[in-house]
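One structure is given here, and the rest of the page talks about it.
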Amino acid sequence: MKYRMAAAMALAAGTVLAGIASGPASASTAEDNERCQDATYPSVAFSHKVCVTFRGSGGANDVIRMNVNSFGRTGIGHWELFGPHGTISNSLDGEWKDRRHDWAGYQDSSFGDLWCAVFWRDGGGGSGYYRATPPVCVKSYYP
C-alpha cells in the first residue's frame with residue numbers, strides 16, 4: 001500500500017520512481033496477471049488482440065503494461081491505447097500490417113475499469129483520422 005501511494009504521489013509530482021513503479025523482476029513476474037481480448041473483422045481480413053498486464057494479485061488491478069497486435073492489413077494510421085484516465089499511448093503513424101505496439105509504465109485502476117485499443121485510420125488528403133475499429137477492451141476484475 002505504501003508503495004502504491006508513493007508511486008501515485010511521484011506520478012502526480014512528475015517524478016519517475018522506476019524502482020517503485022516496476023519493482024523487482026522476480027517478485028513482479030510471479031504475481032502479475034496478463035489478460036487479453038481479441039477481435040476479428042472477416043470482411044476486411046483483419047484482426048487484433050489487446051493484452052493488459054495487471055500488477056500483483058489479491059485484487060490488485062493496477063496496470064503496468066499494454067500492447068496491441070494487428071494481424072492482416074489495417075491501412076495507414078495509428079493505434080491508441082486508453083484506460084479510464086484517458087489516452088495512455090499512441091503508436092507511430094504508418095502502415096499497420098502484422099505489427100505490434102507496446103506501452104509499459106504505471107496506471108492505477110479499480111475493479112471494473114476498461115483498458116482498450118482502437119485503430120485510427122488516416123482519411124488522407126489532410127482530412128484527419130477516423131475510428132476504423134470499435135474499441136477492444138480488457139476489464140479489470142478481482143481474480
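Read-outs throughout are calculated quantities, based only on the coordinates presented, and are distinct from any laboratory measurement. All of these numbers come straight from a predicted model, not from anything done at the bench. Note: ideal-geometry Cβ built from the backbone for every residue, glycine included; neighbour counts use all protein chains shown.
Could you line up Leu81, Leu114, Leu92 from fewest to most neighbouring Cβ atoms inside 10 Å?
Leu92, Leu114, Leu81
If each residue of separation counts as 0.36 nm, what is the full-extension length gain between Ala39 and Asp98 once their alpha-carbon separation is subtracted?
That pair, Ala39 and Asp98, stretches by 19.8 nm at full extension.
Would you tally the net charge around Thr53, using a Cβ to Cβ cut-off of less than 11 Å, leaving Thr53 out, and scoring K and R as +1, D and E as -1?
It works out to a net charge of -2.
Please list, ordered by chain and number, the residues whose modelled amide H lies under 5 Å from the amide H of Ala132; skip anything fewer than 5 residues away on the same chain.
Long-range HN contacts for Ala132: Phe119, Trp120, Arg121.
Around Gly75, which amide H atoms from residues at least 5 apart in sequence, or from another chain, sit under 5 Å from its own amide H, with H modelled in the peptide plane?
Trp96
Starting with the fewest neighbours, write out His101, His48, His85, His78 ranked by other beta-carbon atoms found within 10 Å of each beta-carbon.
His85, His78, His101, His48
Please report the net charge: other residues with Cβ closer than 13 Å to the Cβ of His85, K and R +1, D and E -1.
-3
If I take every Cα pair under 8 Å that is 6 or more residues apart in segment 30-139, average their sequence separation and divide by the length, what percent do I get for the relative contact order?
Rounded, it is 25 percent for segment 30-139.
Which of the chymotrypsin sites (Phe, Trp or Tyr not before Pro) across segment 43-118 are loop residues per DSSP, with 13 or fewer other Cβ within 10 Å?
Passing both the DSSP loop test and the Cβ count: Phe111.
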